[in-house]
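**Student:** Quick one: the structure is below, and I'll ask about it shortly.
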Amino acid sequence: LELSLQHASKLEAVGRLTGGIAHDFNNMLSIVIGNLDLARGALEGNEKALRRIESAIEGAHRCAELTGRLLAFSRRSPLQPRALDFASFIPGLVKLLVRTLGERITIAAELDGELPDICVDHAQFEAALINLAVNARDAMPEGGTLGIRVRGRDAPAPDGAEGARWVDITVTDTGTGMSPAVLARVFEPFFTTKEAGKGTGLGLSMVYGFVQQSGGTITVDSSPGQGTRFVVTLPALARKSVPSEAAGQRAPFDAA
Ligand code: ADP
């Protein structure tokens, strides 16, 4: 518990710091991009100078992308939890992952028949799963299988209350796995083993923060050569919502 409290307050401090810096940096960056755009307009006909300006603009946009990620990390955007139905969510996610991960990665998704809904911010939940999936792909340079399994489970709530329901989302890969030294630090902000420019070390600490704020837990086990398994556990909503087909039907007088 002490460790996770330490981790949480470190996460919060780093979040506040990066949020402040990212915010100021973003403002200055928009001045840079604005002026580069103007300069491009004035350089019509000068091919060599135009190419240089284009590559400066591209670099500035990459910086903007990074500050965007830092801002999201620092939680300037509050969560907007809504009911999420896995049966309609997962197929869309798998389609997106097929496009993102490339053809060397086989995706095996498996859902329990009667899954309860969960209540999460849909965009952040999707971002968290994409983070796990992209890490899995990076750990499988020769290709392999990404597994996504969703199961319902009954277990007491953290306060001991009986009758609580949970949903386990298990993400596995057949990649390189991690040494105990790496495994111990994966959720730490800015911890990365990837080369400069490839990793920020913020992916898993964002996932960790999101899961915690959503009332859930995340665990990981991994060993070198054995692949990796992350389990995200989130509280189930008490009642199953209306199936999406029925929800999509409109009464004739609904003008929307
Ligand atoms: P980044 O991906 O930018 O490095 P993360 O916080 O997402 O940042 O991950 C931190 C580190 O954890 C990675 O650099 C990698 O060493 C390790 N890691 C994360 N997921 C996996 C995985 N599925 N297999 C092997 N190593 C992993």
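Only the coordinates and a few stated rules stand behind these numbers; no lab work does. What you see is a predicted model, and the numbers here were worked out from it, not measured in a lab. Cβ: placed from backbone, ideal geometry, glycine included. Neighbour counts: every protein chain shown.
**Student:** Mind giving me the FRET efficiency for Glu114 and Leu43? R0 is 41 Å, r the Cβ-Cβ distance, nearest 0.05 is fine.
**Tutor:** Computed FRET efficiency for Glu114 and Leu43: 0.05.
**Student:** Provide the packing ranking of 134-146, 91-103, i.e. peptides ordered by the mean count of other C-beta atoms within 10 Å per residue, highest first.
**Tutor:** For the peptides 134-146, 91-103, the packing ranking is 134-146, 91-103.
**Student:** Now, a different point. In bins 10 Å wide, starting from 0, what share of all Cα pairs of the stretch 97-201 does each bin hold, as a percent?
**Tutor:** With a bin width of 10 Å, the distribution comes to 12, 36, 35, 15, 2.
**Student:** While we're on this one: Any idea what angle helix 122-138 forms with the longest principal axis of the chain, computed on alpha-carbon atoms, 0 to 90 degrees, nearest 10?
**Tutor:** Orientation of helix 122-138: about 80 degrees from the principal axis.
**Student:** Within the chain, what percent of beta bridges assigned by DSSP are antiparallel, to the nearest 5?
**Tutor:** Values: 28 of 35 bridges.
Around 80 percent antiparallel, to the nearest 5.
**Student:** Can I ask one more? Over 29 Å between C-alpha atoms is what I'm after, so list which of Lys95/Lys198; Lys48/Lys194; Lys95/Lys194 land there. Before the final figure, lay out each step's value.
**Tutor:** Numbers: Lys95/Lys198 24 Å; Lys48/Lys194 34 Å; Lys95/Lys194 26 Å.
Correct reply: Lys48/Lys194.
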